[in-house]
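What follows is a single structure, written as structure tokens, with notes after it.
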Amino acid sequence: MKKYICVNCGYIYDPEVGDPMSNIPPGTAFEDLPADWTCPMCYLEKESFDPLD
Amino acid sequence: MKPSVSSLYQAIEICQDIPPLLIGERCNTNGSKQFREMLLADDFDGCLKVALDQEAQGAQVLDICTAYAGRDEKADLIRLFKMLIPAVKIPLMIDSTQADCVAAILKLYPGRCIINSINLEDGGANLHRICTLAKKYGAAVIALTINKNGMAMTADEKVETAAQIYHLAVDEHGLRPGDLLFDPLTFTIGSGDETLKDAAIQTLTAIRRIKTQLPGVHTLLGVSNISFGLRPAARKILNSVFLHEAVEAGLDAAIIDIAKVIPLAQIGRQDREVCLDLIYNRQSATDKTPLLAFIDYFEAQGDQKQQVQETRETASEKAMHQMIVKGNKDGLEDVLTILLRRYGPLEIINTILVPAMRYVGELFGRGEILLPFVLQSAEVMKRSVAFLEPFMDKADQSARLKILLATVQGDVHDIGKNLVDIILSNNGYRVYNLGIKVPAETIIEKAREYAVDIVGLSGLLVKSAIVMQESMAQYRQAKLNVPILLGGAALTQKFVAESCVPQYDQPVVYCRDAFAGLKAVRDFEQGKLTSTVFASSAPKAVSAPGPKNIEIDPTNPVPATPFLGQRSVTDIDPARIYPYVNEQALFRGRWGYRRGKTSAQEYQKLMQDTVIPIYETLKKRGIEEPLIQPKVTYGYFKCYSQGNSLIVEDNGQQYEFRFPRQEFAPHLCIADFYKSKDQGGDITGFFVVTVGHRIGQMAKALFEKDAYHDYLMLHGFGVEVTDALAEYWHEVMRQELGIAQQRPNDTIGFVTQQYQGSRYGFGYPSCPDLGAHEFVFKLLRPEAIGVTLTENMEMVPEQTTSAIIAHHPQAKYFAV
């Protein structure tokens with residue numbers, strides 16, 4: 001699964017880790033994050049993320 | 001002695017035994033991309049090499065032009081001339097219409113310069129200034145046949161304009177006829193434009209008549225314009241043949257790309273005949289026009305690599321469209337001049353320019369081009385409209401949709417709003433940009449005064465989102481009655497839909513970027529703009545991202561402070577800060593170089609070829625100019641928590657910082673990370689850091705000069721270097737407190753706070769209230785490092801940031 005980076009603050013969403021700050025369990029693909037999920041560091045919405053590879 | 005010009009080393013006659021005098025054109029920011037990029041990179045050695053190369057290729061004089069929006073033309077000219085004067089053996093020509101630039105160079109030039117140029121476009125005011133200088137320093141002057149009506153197109157007009165200039169320069173300013181070089185202007189005969197098909201004849205006739213009617217003067221041409229719009233291989237030949245014809249007509253000097261001149265003897269007879277047919281507009285045996293015959297002839301000669309020529313009806317239209325899409329300004333005015341012969345100015349804007357910008361917007365929307373490139377397109381649009389505006393009636397201006405833009409009260413951030421301004425105004429809308437810190441009352445008043453169709457509000461701070469929410473009722477009460485578009489970092493679709501929409505009667509629309517703003521304006525035009533809605537599939541969230549199930553440990557040790565009270569540091573080398581710059585946030589976020597639809601390889605190439613060079617240049621300028629002037633004031637203070645407050649002590653005074661508490665689990669508040677009085681009290685740190693005024697001032701100047709791309713780059717760089725300075729200084733303070741054992745080893749480590757403690761910026765999610773700045777300023781006295789507060793408690797300059805530093809290991813970011 002692909003990692004994604006927040007273009008505003010540089011936080012990297014790693015599906016293998018999930019996002020404990022928002023109760024997202026490990027193994028959740030970026031595409032499957034809820035619509036109102038935000039960056040745990042700067043709180044911007046999903047559209048602010050770029051694929052990282 | 002025959003009229004000559006000279007350098008430090010040699011004199012050269014303007015009338016050569018074998019004319020023309022060859023003037024190298026490549027040291028010109030407007031004519032040569034290579035030279036421009038070198039100058040922008042401050043690569044003066046590279047610029048010098050362009051000059052030396054032309055000298056080696058046979059140039060006898062060099063034209064030097066450094067005019068470029070956002071650069072200091074005079075400073076660049078002086079620096080370049082100081083390098084060129086000892087290094088180049090041939091005389092130089094100062095290419096500037098700015099009298100102060102011309103004066104500065106004449107003052108330091110050791111020989112006899114040529115000034116390029118004067119004209120009568122403004123009726124003679126600038127001509128007067130420059131002729132006065134020419135007389136004083138004994139310089140030669142190029143005069144373009146441009147009058148109040150614009151560039152002279154016919155031989156009659158060209159000669160008449162030349163005679164007027166002659167009269168002013170010779171009879172009134174006392175210049176000698178031999179001091180003057182008249183340029184009767186060349187227009188392309190390669191566009192298929194009916195009215196330009198005899199442009200070469202007009203120019204050649206003008207050369208003959210100027211030489212006979214104004215005895216003693218010289219003539220000069222920028223030759224390559226003649227073939228604009230044709231393919232490079234054919235251009236080279238046509239230019240050379242035309243140059244030969246011009247010399248036959250009496251041309252004394254030519255401004256050309258020296259490397260591309262082909263001696264006539266090397267051009268085949270048939271090639272020459274085809275060129276002459278085109279130059280003299282001679283119908284050949286077939287029924288083809290001379291231009292089609294020319295194109296077919298050179299087409300048949302191969303050169304498949306070049307794209308097929310356009311049909312003559314659409315060549316200029318397509319060229320203009322491409323120039324906008326590609327963000328290319330070279331030769332822009334030529335193309336527009338051609339288009340103006342066939343269309344009205346408004347027609348050009350509405351049928352060529354706006355659709356091209358719309359296409360650029362679509363490409364951006366599809367992720368096929370990136371924001372910085374859109375801004376380059378907008379620059380071409382802006383310059384085109386500025387060129388066309390003098391030809392427009394007032395009535396042409398009034399029909400456009402009007403939009404008011406403002407950064408809301410208490411907020412000084414305007415990059416987002418200015419990007420919206422750039423995108424809307426360059427898509428044909430009329431924008432009233434009210435600036436920053438605009439109170440709701442002013443917005444209502446101006447919206448009425450200008451009778452705007454839409455209001456757009458912007459703001460970066462958390463507080464600004466609240467201001468927008470709270471002002472909705474005021475707009476409703478004032479019966480503003482136009483849609484309101486909202487944009488800003490702290491806004492979300494959800495917040496707008498749930499907190500703003502219900503409080504106003506017209507559509508309220510969340511716009512995540514400038515293009516969403518453009519889309520909303522278009523929706524409005526089509527009568528289909530509706531308020532933002534938010535439907536979450538999940539149950540309504542009752543928390544925000546942040547630590548969960550956390551119990552703050554009250555037993556952590558209190559570190560020893562290196563001192564108590566305030567200190568400032570003003571001798572920080574920018575190079576110390578650069579390693580802390582969050583490059584991903586700068587490139588992708590601030591600058592908009594996002595991955596989009598490009599492949600990983602293409603993105604890598606974009607980074608290497610474009611983005612990193614810009615970054616490296618700015619870093620260099622940050623140190624050398626210096627754009628970046630880092631200053632810090634910081635301190636450590638005794639404190640204790642008391643409920644939601646932190647009581648900070650300094651010099652016998654107490655300051656109560658009140659912090660908000662989360663309304664959801666785990667109900668955190670910044671005060672929780674500090675010990676209470678009963679627990680023995682605690683210590684806290686604060687800092688205010690700034691990179692100074694200069695970068696903001698320079699960014700503002702770029703915006704005002706419509707240098708949109710460079711504006712975005714400079715502004716974004718300032719923002720991220722300021723953040724880097726905060727990151728750096730936070731680390732310094734952790735070291736001073738002896739809590740720096742855990743050090744992040746990469747940017748993501750800093751982003752996710754892989755260190756002990758946290759820093760909370762005022763105005764940001766954990767403590768949105770800027771009011772705390774009142775006490776921060778009492779504690780740290782940032783006025784001494786040039787930072788002041790606005791009446792709304794925001795810090796100026798914009799590139800400043802403040803924070804409270806908590807040392808508690810459990811202290812991390814959270815949102816209330």
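Each reported figure results from applying straightforward, stated rules to the coordinates on display, with no laboratory input. Note that the structure is a prediction, hence the values are computed from the model and not measured. Every residue, glycine among them, receives a Cβ derived from its backbone with ideal geometry; neighbour counts consider all protein chains shown.
Observations on the model:
- If you wrap the Cα atoms of the stretch B:10-50 in a convex hull and average its projected area over all directions, you get 3.9 nm².
- The stretch B:385-518 - convex hull of alpha carbons, volume per residue in Å³: 96 Å³
- Taking only the C-alpha atoms of the stretch B:440-545, Rg followed by Dmax gives 13.7, 45 Å.
- Derived scalar couplings between HN and Hα for the stretch B:414-422 equal 10, 4, x, 4, 5, 5, 4, 4, 4 Hz in order, rounded to whole Hz, by the Karplus curve 6.51 cos²θ - 1.76 cosθ + 1.60 (θ = phi - 60°), x for Gly and Pro.
- Projected onto their three principal axes, the Cα atoms of the protein assembly as shown cover extents of 101, 59, 53 Å, largest first.
- Interchain or long-range residues, amide H under 5 Å from B:Tyr510's placed H: B:Leu486, B:Thr532
- DSSP beta bridges in chain B [antiparallel fraction, %, rounded to 5]: 50 percent
- Taking the stretch B:137-151 and a reference point 7 angstrom along Cα→Cβ of B:His167, the backbone N atoms nearer than 14 Å belong to B:148.
- Degrees between helix B:514-525 axis and first principal axis of chain B (Cα, 0 to 90, nearest 10): 80 degrees
- Amide H partners (placed H, <5 Å) of B:Asp183, local residues excluded: B:Ala143, B:Leu144, B:Thr145, B:Leu220
- Contact order relative to length of chain A, as percent, for alpha carbon pairs under 8 angstrom and 6 or more apart: 41 percent
- Counting only DSSP beta bridges whose two residues both lie in the protein assembly as shown, roughly 55 percent are antiparallel.
- Over the stretch B:311-428, relative contact order from alpha-carbon pairs under 8 Å, at least 6 apart, %: 31 percent
- Across chain B, the convex hull enclosing all Cα atoms gives 195 Å³ per residue.
- Taking the longest Cα principal axis of chain B as reference, the axis of helix B:125-137 is set at about 70 degrees.
- Counting DSSP beta bridges with both ends in the stretch B:113-224, the antiparallel % (nearest 5): 15 percent
- Each of B:Glu470, B:Glu663 was scored by other Cβ atoms within 10 Å of its Cβ. Arranged with the fewest first, they read B:Glu663, B:Glu470.
- Computed extension length for B:Glu704-B:Ser4: 247.9 nm, one decimal, from 0.36 nm per residue of separation with the Cα-Cα distance subtracted.
- Potential extension, B:Asn281-B:Thr212 segment - 0.36 nm per residue separation minus Cα distance: 22.4 nm
- Kirkwood estimate for the stretch B:48-136, i.e. one over the average of 1/r between Cα atoms, Å: 13.6 Å
- Derived scalar couplings ³J(HN,Hα) [the stretch B:450-458; Karplus, 6.51 cos²θ - 1.76 cosθ + 1.60; whole Hz; x for Gly, Pro]: 8, 6, 6, 8, 8, 10, x, 10, 9
- Whole-Hz couplings from phi, Karplus 6.51/-1.76/1.60, listed for the stretch B:431-448; x for Gly and Pro: 10, 9, 9, 7, x, 10, 6, 8, x, 4, 4, 5, 4, 5, 4, 6, 4, 6
- Nonlocal amide H pairs with A:Ile24, under 5 Å, H built at 1.01 Å: A:Asp19
- Nearest 10 degrees, 0 to 90: helix B:462-477 Cα axis against chain B principal axis: 80 degrees
- Links that overshoot a 21 Å alpha carbon limit, given the list B:Lys74/B:Lys705; B:Lys463/B:Lys548; B:Lys2/B:Lys135: B:Lys463/B:Lys548
- Computed lengthening from B:Phe44 to B:Ala535, 0.36 nm per intervening residue step minus Cα-Cα distance: 171.0 nm
- Value of relative contact order over chain B, rounded to a whole percent, pairs C-alpha under 8 Å and six or more apart: 8 percent
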